[in-house]
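What follows is calculated from the coordinates using simple rules that are stated; it is not laboratory data. These numbers were taken from a predicted model, which means no experiment stands behind them. FYI the Cβ positions are ideal-geometry reconstructions off the backbone, even for glycines, and counts take in every protein chain you see.
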Amino acid sequence: MFYQLFEMNHAAMSPLRVAADAARLYFKNPLNPLSHTGYGKTISAACEVFERTTRRYAKPAFDLPTTLVGGTRVGVTETVVWRKPFCNLLHFKRDLPSDRRPDPKILLVAPMSGHYATLLRGTVEALMPRHEVYITDWIDARMVPLIDGRFDLDDYIDYVIEMLHFLGEDTHVIAVCQPSVPVLAAVALMEEANDPLAPRSMVLMGGPIDTRISPTAVNKLASEKGIDWFRQNVIMRVPFPHPGFMRSVYPGFLQLGGFMSMNLDRHVTAHKDFFKQLMQGDGDSAEKHREFYDEYLAVMDLSAEFYLQTVDTVFCQHALPLGEMRHRGRLVRPETIRNVALLTVEGEMDDITGKGQTQAAHVLCSSIPDDRRADYVQPKVGHYGVFNGSRFRAEIAPRISDFVATFSKKGATLSETSEPVIAAAAARKLKPASEKSAPKGPVRARKSPVSAES
């Protein structure tokens, strides 16, 4: 019923949004003398703030028409190359000469945690110059008819395996945040089966591998409330007339409320500043605000079974680090991973995935040789900075590209940055943690394999 009330409220506000937008255009028109007065600017700014804070934001576009390859600007075509009811696999095909040596393929697994895959636009943009980039474009659950069936964590893992099979040899997988657990599980299952199409390397970025380490507010909420609380309080049915009518989902608007409540004061301040920027005619700053919130406020529904299974498995039961995670009844055994190289990336100030939670993958993947593993903690960045922003472009992305090139079957040329990656990784020795007891502190390497100085 709450979802229906939300839809009714949104519909009831539509005339007010239309009126506010019309007033904004009227008082912003340079032919209107009032547009040059403080009164006119105030009305125009207030109407825009009102319209933007009450609208529903559509899925943004990637809008990446070109990239630089070897110093040359080339065109990029975004195409769907694989599709399932809950996911499309997008390929950012670069317009390169046919006789050019192929670059390593990267499967970028975007989070299915509320925001659309376009949240990783900056990640894609940074990787395209040196790689063939594919990304999982998850579908809004309210747009998937009931006839297409259910989608849970087991299905998610199956999707990842199917996509790796589709992409073939010399593929490298990158998981950003939430997908780290299912991607690690998928790779473990493939390695245990001696699958020849297992990825060459696996990069886990800000992922909740072991949420008992440095627990954040998000982790504590899940462990304190328990899975029954989430089942009773956040699961709703999609209302008519959406295609997914009657599908049980975790609605996007509830997720957005959770996101914003964590830093509500920052969002309030940002909108106050936006109002002042409109009043002062600071177009550049106002446009940056629009670009950020057009992305941040665009959210999607998650299928109830996927959401609940993920919360229970990852945050309540800690099944993966305890050696108890199963995929369709089959035990997931990370220790069977032997040939897939592993790189973990964390943010020093991450308040979503605590420091050490992703590094825990090195403990679980105990059979990977030391010279095929590395980890990196980026100073002075939070969760978002792990996969986007200036520090990601300048410091994290080059390390990922060099790590991928190091373990690529085709042996791409390495830059100077990559040399210390393998040398330092050889010095790393992580000791396995107890299977049944939570670690007392973050999993730490004796020496960071990819230090800030490298």
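Measuring r between the beta carbons of residue 68 and residue 169 and using R0 = 25 Å, the FRET efficiency lands at 0.40.
Taking a ≥ b ≥ c as the square roots of the eigenvalues of the alpha-carbon gyration tensor, region 1-159 is classed oblate because a/c is 1.5 or more while a/b is no larger than b/c. Residues within the reach of a label modelled at residue 221 (point 7 angstrom out along Cα to beta-carbon, backbone nitrogen below 12 Å), restricted to region 258-274, are 258-264. Distances between placed amide hydrogens fall under 5 Å for residue 320 paired with 325, all partners being 5 or more residues away or on another chain. Dividing the mean sequence gap of close Cα pairs (under 8 Å, 6+ apart) by how many residues the chain holds gives a relative contact order of 17 percent. Classify region 313-362: rounded, prolate or oblate, from the alpha-carbon gyration tensor (a ≥ b ≥ c, eigenvalue square roots; a/c under 1.5 rounded; otherwise prolate if a/b is larger than b/c)? Oblate, since a/c reaches 1.5 and b/c is not below a/b.
Would you mind telling me the antiparallel percentage of the DSSP bridges in the chain, rounded to 5?
Details: 25 of 50 bridges.
Of all bridge pairs located within the chain, approximately 50 percent are antiparallel.
Computed extension length for residue 348-residue 393: 14.6 nm, one decimal, from 0.36 nm per residue of separation with the Cα-Cα distance subtracted. For residue 378, the amide hydrogen comes within under 5 Å of the amide hydrogens of 346, 347, 348, counting only partners 5 or more places away or on other chains and with H modelled in the peptide plane.
Each other residue within a Cβ distance under 15 Å of residue 329 adds +1 if Lys or Arg and -1 if Asp or Glu, for a net charge of -2. When you count the other C-beta atoms within 10 angstrom of each residue and take the mean per peptide, 320-332, 196-208, 389-401, 253-265 line up highest first as 196-208, 389-401, 320-332, 253-265.
Set the bar at 25 Å for Cα to Cα. Now go through 225/380; 59/409; 28/276 and name every pair that lies beyond it. Where the Cα-Cα span goes over 25 Å, the pairs concerned are 225/380; 59/409. Simple rule: put +1 on each Lys or Arg Cβ and -1 on each Asp or Glu Cβ in region 354-398, find the dipole, and look at 368, 378, 358; the Cα lying farthest toward the positive end is 378. For region 41-89, rounded, prolate or oblate, judged on the Cα gyration tensor with a ≥ b ≥ c (square roots of eigenvalues), a/c < 1.5 rounded, else prolate if a/b > b/c? Here region 41-89 falls in the oblate category.
Might you report the magnitude of the Cβ-based charge dipole of the chain about its Cα centre, with Lys and Arg at +1 and Asp and Glu at -1, to the nearest 20 debye? Intermediate values should be presented prior to the final figure.
Working: 54 positive and 53 negative charges, 91 e Å.
Using only the charged Cβ atoms, the result is roughly 440 debye.
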